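To keep things clear, I will list the structure first and then write my remarks on it.
The values are calculated or read from the model by the stated rules, or taken from the named source; none is laboratory data. These numbers come from a predicted model, not from an experiment. No Cβ is skipped: glycine too gets one built from the backbone with ideal geometry, and neighbour counts run over all protein chains shown. Ligands, DNA and RNA are stripped out before the accessible areas are found, and what is left, the full protein with its side chains, is counted by its heavy atoms. Shrake-Rupley method; radii C 1.70, N 1.55, O 1.52, S 1.80 Å.
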Amino acid sequence: MSQLQSAIKQDYSKIIPNTIVELKVPSDLRHIEKSSFKIENRFFYPALAGNGLPNNDNFIQLLNGSIRRFSLSAKELDEHRSLVISGNDIEASLIENRGRERFVKYAKEAAKRSGELGELTLFVLLEAFFNAPKIASKMKLKTSNEMHVHGADAVHATLNGNSFLTLILGESKFRADRSTGLNDAIDSVSGFVSNYLKMDKEVELIEGNLDQEILDASLRDNLIRYFSKFTPESNKTTKTIAILLGYNRKSLYNNLSKIEDYEERVKQLEERYRIHASEVANEFIDKLESEKNPHFSNVNFIYALLPFDDLNNVKEAFHVLARLQK
């Protein structure tokens, strides 16, 4: 079977290393199994700028450049590429404008819950670091006048060499305070993981939209079998909840500008971050245990963190660049 990651057309290899960095941590911190919970911890941070603070400009440029792919289906993107290649820039611009308008419409609603920045970031991280393409466009349906969609912020998937499919339902919260974001994220996750009827609704969404997101007909036909009942493939499907928190952690960046050597700055930042990472990983487990939700043991978790020096400034700068405000 063709690998599902082939559906990702964006080449992140030269962009991501200079924009978002993943912190290397010991395997016993990255993978935790405790109290029937299976958790994969992933820790990210914006690349450092010359002033010893996060290069927020690169970060928001990355997100702004990803709006079209986030907003349009794979089928729409393929049509856009074909029009550009054929020299039909005018019709191509109509599709691009459709994606931008869809995002603006969506963001006006998402901004009420500070959601659009986090959901766009989660989309990029799932593609760039997990090789997990979008298999259903929740945003397209959320902005439709005919349908309102509840549930996860993101619907992505991976397919490994042993033909096991992992369905990733994502939830993102960008709050100044990490604990507040975590509480809000757990509340949201409980809403769709505790009720398996809602989980099945996610599957219905996928089945109805695979032809828009997976253009390889053979791959699409095989994927449908994973979401069918009583097929061999249905027994090779696992569900993972990915929680992404963006938040303020100014202490990570204190006085880094006083260190003249850039590599030493990065080393100091990562030493501080590893201590912080260990603390918050335990906090996440404690939060899951305190919920006493029996369904949490039936899914795996990805817990991803992205600390900033000033999240509010990042949001404001992104809103201006993305033309969400003047």
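Key figures
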quantity: The range 171-326, relative contact order [Cα under 8 Å, separation at least 6], %; calculated: 33
quantity: Contact order normalised by residue count of the chain, Cα under 8 Å, 6+ apart, percent; calculated: 25
quantity: Per residue accessible area of the range 1-97, 1.4 Å probe, in Å²; calculated: 52
quantity: GluC sites (Glu not before Pro) within the range 245-294: DSSP coil, no more than 13 neighbouring Cβ in 10 Å; calculated: Glu260
quantity: Sites Asp57 and Ser228, calculated FRET efficiency, Cβ-Cβ separation with R0 35 Å, nearest 0.05; calculated: 0.15
quantity: Nearest-20 debye value, the range 1-90 charge dipole, Cβ charges on Lys, Arg, Asp, Glu; calculated: 200
quantity: Average projection area in nm² (convex hull over Cα atoms of the range 26-116, one quarter of hull surface); calculated: 10.5
quantity: In the range 228-314, chymotrypsin sites (Phe, Trp or Tyr not before Pro) in a DSSP loop with at most 14 other beta-carbon atoms within 10 Å; calculated: Phe230
quantity: Dipole magnitude (debye, nearest 20) for the chain, charges at Cβ of Lys, Arg, Asp, Glu; calculated: 380
quantity: Carbon and sulfur %, accessible surface of the chain computed with the full protein complex present, 1.4 Å; calculated: 47
quantity: The chain: calculated mean residue ellipticity at 222 nm from DSSP helix runs of at least 4, using -39500 (n - 2.57); calculated: -16000 deg cm²/dmol
quantity: Sorted largest first, extent of the chain alpha carbons per principal axis (Å); calculated: 55, 52, 37
quantity: Relative packing of peptides 13-22, 85-94 - highest average C-beta neighbours within 10 Å first; calculated: 13-22, 85-94
quantity: Total formal charge among the other residues, if their Cβ is under 15 angstrom from that of Lys24, Lys/Arg +1 and Asp/Glu -1; calculated: -1
quantity: Distance violations [Cα-Cα > 18 Å] among Lys34/Lys292; Lys108/Lys138; Lys9/Lys105; calculated: Lys9/Lys105
quantity: The chain - share of DSSP beta bridges that are antiparallel (%, nearest 5); calculated: 40
